[in-house]
2 protein chains.
Amino acid sequence: MKTRDRILQTSLALFNAEGEANVTTVDIANEMDISPGNLYYHFKGKEEIVGNLFNTFDHEFQQILDAPAAGSLNSEDAWFYLYVVFEHIFNYRFLYRNINDIMERYSGINRQFRRLLFHKLDAADAISKELIEKGIMVIPENQRIRLCENIALNLTFWLNYDQLRRQDMPNELLIHQAVFQIMSIVAPHLAEEFNGFYQECATTYEELAAHILQKARES
Amino acid sequence: MKTRDRILQTSLALFNAEGEANVTTVDIANEMDISPGNLYYHFKGKEEIVGNLFNTFDHEFQQILDAPAAGSLNSEDAWFYLYVVFEHIFNYRFLYRNINDIMERYSGINRQFRRLLFHKLDAADAISKELIEKGIMVIPENQRIRLCENIALNLTFWLNYDQLRRQDMPNELLIHQAVFQIMSIVAPHLAEEFNGFYQECATTYEELAAHILQKARES
DNA sequence: GTCTATATTAAGATAGAC
DNA sequence: GTCTATCTTAATATAGAC
């Protein structure tokens with residue numbers, strides 16, 4: 001693997017683990033057993049590394065968000081879709097856990113991240129409309145707008161909230177928890193015949209949580 | 001006014017305006033027309049200033065959160081209560097807009113902020129229970145737990161979300177918007193006879209928003 | 001492409017005069 | 001209490017040899 005790619009890969013891992021602000025160019029070089037000078041041969045500095053990582057993240061995210069527009073949607077698809085979206089966020093969690101810091105220090109990212117937020121809102125808007133059309137969801141229009149905002153807020157800041165709460169969950173469970181939290185926000189607006197579906201999700205989540213926590217305790 | 005107090009006051013204003021990380025001890029001293037040396041005579045460093053501001057914030061917040069335990073509650077009280085809570089957060093918004101950064105760099109604050117989050121959750125828990133008892137709210141228990149988490153998430157990260165969205169709202173409207181957003185999350189769980197109350201709030205909010213934005217455009 | 005050695009910068013902090 | 005002058009530290013970044 002080329003040094004340039006190893007730098008990106010190592011940086012992402014370190015940023016996710018320690019937070020972008022706590023990782024210096026020297027740290028990245030040390031972790032890879034190369035010299036700082038070598039790192040600066042490949043990238044002008046940390047900003048360029050972060051920018052590269054963000055662009056990859058951004059590009060992939062756009063594609064994920066646009067995916068459901070293609071196919072027809074049911075309530076289980078929506079659940080799976082949320083899972084994919086949140087997993088992608090999780091893979092680049094350093095961007096989210098240090099969002100304000102990063103947006104202040106890298107002004108280029110600011111604009112793009114904002115655009116991504118609106119993309120999230122659009123996706124929530126389109127999906128909620130489709131669910132309403134299909135009779136899966138019933139909700140007054142002004143509450144629907146607020147619900148979409150709330151979903152975007154949750155997608156963007158759940159990782160921060162979790163960090164503040166510090167429950168030290170295994171990563172796998174963290175993602176399930178985030179998705180279930182969003183499902184719970186949507187649940188009161190599901191048509192009555194879908195209450196059962198939410199309860200199934202709740203049961204699935206609780207069993208999974210018990211199972212994962214059990215495994216974590218054993219090891 | 002004593003220099004020590006002026007330092008705290010000036011720091012709070014600068015932190016709120018520019019973000020804590022972007023304000024140096026020299027900036028604070030310059031703003032007050034005193035020397036950096038003088039500032040360091042009063043405080044050991046920025047950490048002590050931030051710590052002092054946080055303690056004041058924390059102390060006041062604890063009292064605000066505990067207030068409703070005293071009196072009996074109706075739906076209008078809850079609305080007003082939210083307003084008071086959020087206004088206090090807004091007054092110390094630098095703590096919230098740089099929450100991760102601050103918690104990483106000031107480990108003392110980390111613990112206290114986490115405690116405050118649980119205090120928020122407890123308040124949401126107590127109030128939701130009271131509203132249920134009084135028949136104002138109807139909600140399954142597992143959704144109630146998630147609703148409380150969602151309210152705590154909104155209280156803690158709404159300012160970050162708003163910043164990312166960058167709507168450049170007048171401050172007054174920003175607070176109303178946050179409170180109305182939280183009301184909208186609760187609304188689907190209000191007993192039917194309180195739907196009218198939510199619609200009133202919605203109308204009030206929309207009129208207010210139109211009024212404030214009109215005034216802002218004129219000036 | 002990669003290394004070692006060194007320069008630059010900016011924030012945080014202190015010493016000692018007044 | 002307040003000032004000026006200066007030190008320390010740590011991250012970022014570059015020069016030049018190999």
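Coordinate-derived values only; no laboratory data. Here the structure is a predicted model, which means the values were calculated and not measured. Neighbour counts are summed over all protein chains in view; Cβ atoms, including those assigned to glycine, are modelled from backbone coordinates with ideal geometry.
Mind listing the label-point distances from A:Q167 to the same position on all other copies, shortest first, one decimal in nm, points 7 Å along Cα→Cβ? Listed shortest first, these distances are 2.9 nm.
Note on B:192-204: average number of Cβ atoms from other chains within 10 Å of each residue's Cβ is 1. Its residue count N fixes a reference of 2.2 N^0.38 Å for the protein assembly as shown, and the Cα radius of gyration divided by that reference is 1.04. Only the Cβ atoms of Lys and Arg (+1) and of Asp and Glu (-1) were treated as charged; on that basis the dipole of the stretch A:1-44 about its Cα centre amounts to roughly 260 debye. Looking at the square roots a ≥ b ≥ c of the eigenvalues of the Cα gyration tensor of the stretch A:138-193, which shape do they give, rounded for a/c under 1.5, prolate if a/b is larger than b/c, or oblate? Cα axes put the stretch A:138-193 in the oblate bin. Rounded to the nearest 20, the size of the Cβ-charge dipole of the protein assembly as shown about its Cα centre is 1160 debye, with Lys and Arg at +1 and Asp and Glu at -1. A dipole drawn for the stretch A:102-167 from +1 and -1 charges on Cβ atoms has a positive end, and of A:M137, A:I151, A:G108 the residue lying farthest that way is A:G108. Loop-located chymotrypsin sites (Phe, Trp or Tyr not before Pro) in the stretch B:119-178 (DSSP state not H, G, I, E or B) with no more than 10 neighbouring Cβ atoms inside 10 Å do not occur. Across the stretch B:94-101, coupling constants 3J(HN,Hα) worked out from phi with the 6.51/-1.76/1.60 Karplus curve, θ = phi - 60°, read 4, 5, 8, 6, 10, 4, 5, 4 Hz, and Gly and Pro carry x. Under 15 Å from a label point 7 Å along Cα→Cβ of A:M1: give me every residue in the stretch A:46-85 with its amide N that close. Counting backbone N atoms under 15 Å from the label point, the list is A:53.
A P(r) calculated from all alpha carbon pairs of the stretch B:52-218, with 10 Å bins opening at zero, reads 9, 37, 35, 17, 2 percent.
Hey, in the GNM for chain B with a 10 angstrom Cα cutoff, which one of B:V26, B:V84, B:V186 fluctuates hardest? Result: B:V26 has the largest fluctuation of those listed. Per-residue ellipticity at 222 nm computed for chain A from its helices equals -27000 deg cm²/dmol, with DSSP H segments shorter than 4 residues left out and the rest contributing -39,500 (n - 2.57).
Relative to the other identical copies, A:E47 shows label-point distances of 3.0 nm, where the label point lies 7 Å from Cα along the Cβ direction and values run shortest first. Annotation: average projected area of the stretch B:51-129 is 5.1 square nanometres, based on the convex hull of Cα atoms across all directions.
Dividing the Cα radius of gyration of the stretch A:1-140 by its Kirkwood radius returns 1.09 for Rg/Rh.
Couplings 3J(HN,Hα) for the stretch A:192-203, derived from phi with the Karplus relation 6.51 cos²θ - 1.76 cosθ + 1.60 (θ = phi - 60°), are 3, 5, 9, 4, x, 4, 4, 4, 4, 4, 4, 4 Hz, where x marks Gly and Pro.
Judged by the ratio a/c of the largest to the smallest principal axis of the C-alpha gyration tensor, the stretch A:159-219 counts as oblate, that ratio being 1.5 or greater while a/b is no larger than b/c. Counting every C-alpha pair in the stretch A:1-44, the share spaced more than 12 angstrom apart comes to 54%. Taking the label point 7 Å along Cα→Cβ, A:E200 and its counterparts in the other copies are spaced 4.2 nm apart, in ascending order. Rounded to the nearest 20 debye, the dipole size of the stretch B:1-94 about its Cα centre is 340 debye, using +1 on the Cβ of Lys and Arg and -1 on the Cβ of Asp and Glu. The amide H of A:M137, built 1.01 Å from its N in the peptide plane, has A:I132, A:A191 as neighbours under 5 Å, considering only residues 5 or more places off or on other chains.
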